[in-house]
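Q: My structure is below; once you've seen it, I'll send some questions.
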Amino acid sequence: MVAELLAMTLLRAQAAAAAAVLLVLLLRAPARRLIGPRLAYRLWALTPVAAIATVFPSLSETLGSGLPPTLMGEERAVAVVAAWLIGAVALATAILLQERAFRARAEAGRAGPAVMGVFWPRIVLPRDFTDRFDAEARRMIDLHERTHIQRGDPIANLAIAGVLVLGWCNPLIHLGALCARLDQEMACDATVLGLRPNLRKTYAQALVEAHTLRQGSPLACFWAAHPLLLRVKLLARPEPSPRRQALGAAAIVLLALVTAGGVWTVTPRGPLPPHDVSWPGRPIAEAPVDGINLPTIHRR
C-alpha cells in the first residue's frame, strides 16, 4: 500500500508539473512584454506549486465523494518507484559530475564569466578576461554577476536542478528547466539595466563578445547564456511602469493560488486506506456475526 501511494503521488505530481510548465510556456512571452522579464521569471514558481498541491488530499478525498480508486498493484507500484529512484539518482550524479568538471575548468581559467557555488557563491572569470573585454564591459559583467548573487539566483538554480531530478522522466520538466534558466538571465539583465539604464549599448556589445564562452554547469549562473538575439532585443525595451509591475506581481500571486486550487480540485483519488471497505454508491448493511455487528457489502 505504501508503494502504491508513493507511485500514485509521483504520477500525480508529474502530471501537475507538466501542466504548469505548459501554462508558463504560454504566458512567459506575453508576460515579458506586459510586466517585464523580472516578474515573468517568477511565473516558474507555478511548477513546484502545482506539484506540491498534489501531495494534499484532493477535493473528492476531502468530501468523501468520487469514483472508487483504481489500484495499480503492489508489484507494479514497486517497479514504478524503483525506476523513478534509479533515474533520479543517475541524473543527480550526472549533475554533480558536470559541476565538478566546470569547477576544474574554472580553476584552469577556461570558464566564465559566471557565478559558481550555491551557498558561498563567487565570480568566475576566464583567463583572457582583461584582453577580451574593455574596462566598461568588465564593469558591466561584474555588476551582472554580482546581481545574480544578490538576487539569490544560485539557490534558485539548485531548486531548478532539484525539480529536474525529481521530474527526470518528464520531457516537459527538462524543457521548463532550460527556459527557466534563460528567463533568469533575462531577469538579471533587466535588473542591471534598471541600475544603469544609460549603458544599454555597452551591455549589448559585451553580450555579443561573450556569447561564445558559455560552457555549462546546471548550478552556475552564466553571463553568456543564450538566446543572444532575444536578450539583446529585450535590452531596448523600456522598464514597465511601477503600477504595471505591482499589478503584475499581484496577478502572479493570484495565478499561483488558482493553480494550487485547481490542481487540488481535479486531482484524481489515490488508493483508499486498507480498513475502508466502501465507497459512495455502494449500500452497506449491518449483519450480526456472533453477536457483533460488522459491515457487509451487498453485491449487485
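The values are calculated or read from the model by the stated rules, or taken from the named source; none is laboratory data. Everything quoted here is computed from the prediction, not taken from an experiment. Ideal geometry is used to build each Cβ from the backbone, glycine not excepted, and the neighbour counts take in all protein chains shown. Note: areas computed on protein heavy atoms with side chains; ligands, DNA, RNA excluded. Shrake-Rupley method; radii C 1.70, N 1.55, O 1.52, S 1.80 Å.
Q: Mind listing the phi-derived Karplus ³J(HN,Hα) values for the range 108-114, rounded to whole Hz, using 6.51, -1.76 and 1.60 with θ = phi - 60°, and x for any glycine or proline?
A: Calculated HN-Hα couplings, in order: 8, x, 10, 9, x, x, 6 Hz.
Q: Using a 1.4 angstrom probe on the protein heavy atoms only, could you order 259, 130, 265 from most to least accessible area?
A: Heavy-atom accessible area, descending, gives 130, 265, 259.
Q: Shifting gears a bit: Between residue 150 and residue 230, what is the FRET efficiency for a Förster distance of 25 Å, r being their Cβ-Cβ separation, to the nearest 0.05? The partial results should precede the final answer.
A: Values: r = 24 Å, r/R0 = 0.94.
After rounding to 0.05, the efficiency reads 0.60.
Q: Continuing with the same structure: How much area per residue is accessible in the range 109-214 when the probe is 1.4 Å and only protein heavy atoms are counted (Å²)?
A: 47 Å²
Q: A further question follows. Which order do 169, 188 take by accessible area at a 1.4 Å probe, largest first? Could you put the intermediate results ahead of the total?
A: Numbers: 169 70, 188 0 Å².
Reading off the accessible areas and sorting them downward yields 169, 188.
Q: State, to one decimal in nm, how far the label point of residue 257 lies from the label point of residue 78, with both points 7 Å from Cα in the Cβ direction.
A: 4.5 nm
Q: Give the ranking of 233, 201 by solvent-accessible surface, highest area first, calculated with a 1.4 Å probe.
A: Working: 233 130, 201 150 Å².
Descending accessible area places them as 201, 233.
Q: Assuming R0 = 45 Å, what is the FRET efficiency of residue 202 and residue 86, from their Cβ-Cβ distance, to the nearest 0.05?
A: Numbers: r = 49 Å, r/R0 = 1.08.
The formula returns an efficiency of 0.40 here.
Q: A further question follows. Compute, for residue 168, the solvent-accessible surface of its heavy atoms (probe 1.4 Å) with the complete set of protein chains present, and express it in square angstrom to the nearest 10.
A: 80 Å²
Q: For a Förster distance of 22 Å, can you work out the FRET efficiency between the beta-carbons of residue 119 and residue 9, rounded to the nearest 0.05? Intermediate values should be presented prior to the final figure.
A: Values: r = 29 Å, r/R0 = 1.33.
Efficiency, rounded to the nearest 0.05: 0.15.
Q: Further question: Contour minus end-to-end for residue 93 and residue 134, with contour as 0.36 nm per residue of separation and end-to-end as the Cα-Cα distance?
A: Details: separation 41, 0.36 × 41 = 14.76 nm, distance 3.87 nm.
Extra length available between residue 93 and residue 134 comes to 10.9 nm.
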